[in-house]
Amino acid sequence: MRWPGLIEAYKEFLPVNNETPKLTLNEGNTPLIHLQNLSKEWGVELYVKVEGANPTGSFKDRGMVMAVAKAVEEGSKTVICASTGNTSAAAAAYAARAGINCIVVIPEGKIAMGKLAQAMMYGAEIISIEGNFDQALKMVRDISEVEPITLVNSVNPFRLEGQKTAAFEVCDQLGSAPEILAIPVGNAGNISAYWKGFKEYNSKKETGLPRMFGFEAEGAAALVHNRVFENPETIATAIRIGNPASWDLAVNAVKESNGQFDEVTDDEIVAAYKKLASTEGVFAEPASCASIAGVYKSLQNGKIAKGTKIVAVLTGNGLKDPDTAIQSSLVKPVVLPNDEKAVAEHIRGVVGH
Ligand code: F0G
């Protein structure tokens, strides 16, 4: 059967009715991959939920299909968001699909190239401010209060409704909830959405509850330190956020689930980013790899025990950020003359015979 997309697949769990447009880019139903090499090396049972397989390459499609469908249902003609890149790509795509306008406000110079390309191609009005995400979010919140424009950042409750469906899929794919759900945290919407999803599925289907482990970048670790970071900095630009909007919901998710917040350094993120791609063939963007870096750190410091069944969420596709990939990679193309002999000789050197 052809996968119908989230609204159709999960309508009994979502705030939809006959008036809700059947908007979809056939998002959701993403792979849960068992990391066999890393599981063996680290002595755990580790899976990744590959959200980069969504239509615009990130988990944001789950929330955005709901937020844009509800905006259309309410008669809105324009949506607006602040974004570190992925939200703007998803908003622009679903707005294009629904035939409405999209305005995105992004931090100048701090969004990955692939994400900017997407917003441009999907036809959004793009405003790049000389400020950070937190400042952009404040701006669009204020503007959407006075203008006839719908805010589609994750403070829009329909966003979390859509995003909670990833937790349903994890339970169905694994047969039950994992022991630990490891997830990158930026604006803190996704960790809140997953926890809501796990709780709802558990109360309907007794799928169990995981402990929620949220990982922030060290230079943007507001929840770990319980203070706003005025000038957040990290190589993982997607989570370069110093004042998460879903602060209380995320703290509650960690508390209720007996989980934890922790921080990972840029070096740890990049190490995980490269390791994941080179040992498992899974290429996720740097922010996504905060979850893998966090799992590794937690195994080192004993916060996660050997043998634990873990799902790490890979929130976005590695292709979103080709610059970081190329800059952090030790492998560079070897340039040779257009000469078969020279190429063959080089290959013999590489394969060692
Ligand atoms: N990973 C990626 C790839 C993201 O793009 C984001 C957030 C997160 C993790 C964090 O999720 O905010 O729900 O805690 N990106 C937003 C954006 C802020 O504008 O695309 P969160």
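A short reminder: the numbers here are calculations on the coordinates, not readings from a lab. The model shown is predicted, which means the values in this text are computed figures rather than measured ones. We place every Cβ from the backbone using ideal geometry, glycine too, and count neighbours over all the protein chains shown.
List of remarks:
- Projecting the Cα atoms of Pro4, Asn243, Met121 onto the charge dipole of the chain (Cβ charges, centred on the Cα centre) puts Pro4 farthest toward the positive pole.
- Cut-off 15 Å, label 7 Å out along Cα→Cβ of Val343, residues of the range 295-330 by amide N: none
- The charge dipole of the range 254-294, taken about the Cα centre with unit charges on the Cβ atoms of Lys, Arg (+1) and Asp, Glu (-1), comes to about 140 debye, rounded to the nearest 20.
- Residues whose amide H lies under 5 Å from that of Arg211, counting only those 5 or more places away or on a different chain, are Ile180, Leu181; hydrogens are built 1.01 Å from N in the peptide plane.
- Net charge dipole, the range 140-191: roughly 40 debye, given to the nearest 20, about the Cα centre with Cβ charges of +1 for Lys and Arg and -1 for Asp and Glu.
- Prolate/oblate/rounded call for the range 1-123, Cα gyration tensor, a/c under 1.5 rounded: oblate
- Each Lys and Arg adds +1 at its Cβ and each Asp and Glu adds -1 at its Cβ; summed about the Cα centre, the chain shows a dipole of about 700 debye.
- Cleavage-rule hits, GluC sites (Glu not before Pro), the range 176-270, DSSP coil, Cβ neighbours within 10 Å at most 13: Glu206, Glu230
- Counted residue by residue at 0.36 nm each, then reduced by the alpha carbon distance between them, the extension gain from Val146 to Thr279 reaches 42.8 nm.
- Bins of 5 Å, starting at 0 and running to the largest distance - Cα pair percent for the range 184-242: 4, 20, 23, 17, 12, 10, 8, 4, 1
- Overall form of the range 275-352 per C-alpha gyration tensor (a/c, 1.5; a/b vs b/c): prolate
- Within straight-line cross-link reach of Lys110, lysines at Cα separation under 28 Å, skipping those fewer than 8 residues along the same chain: Lys49, Lys60, Lys138, Lys164, Lys274, Lys275, Lys297, Lys320, Lys332
- Whole-Hz Karplus values for the range 229-246 come out as 9, 5, 10, x, 9, 6, 5, 7, 4, 4, 10, 7, 9, x, 9, x, 5, 9 Hz, taken residue by residue from phi with 6.51 cos²θ - 1.76 cosθ + 1.60 and θ = phi - 60°; glycine and proline positions read x.
- For the range 6-161, the residue among Val155, Leu38, Leu137 whose Cα projects farthest onto the positive side of the dipole built from Cβ charges is Leu38.
- Under 5 Å from the amide H of Ser128 lie the amide H atoms of Ile106, each residue being 5 or more positions distant or on a separate chain, with H modelled from the backbone and absent for Pro and chain starts.
- Neighbours of Glu200 by Cβ distance under 11 Å: Lys/Arg scored +1, Asp/Glu scored -1, total +3.
- Overall form of the range 145-232 per C-alpha gyration tensor (a/c, 1.5; a/b vs b/c): oblate
- Using bins of 5 Å that start at zero, the share of Cα-Cα pairs per bin across the range 229-305 amounts to 3, 15, 20, 22, 21, 14, 5, 0, in whole %.
- Dividing the convex hull volume of the alpha-carbon atoms in the chain by its residue count gives 160 Å³ per residue.
- Relative contact order of the range 240-337, pairs being alpha-carbon contacts under 8 Å that are 6 or more residues apart, as %: 24 percent
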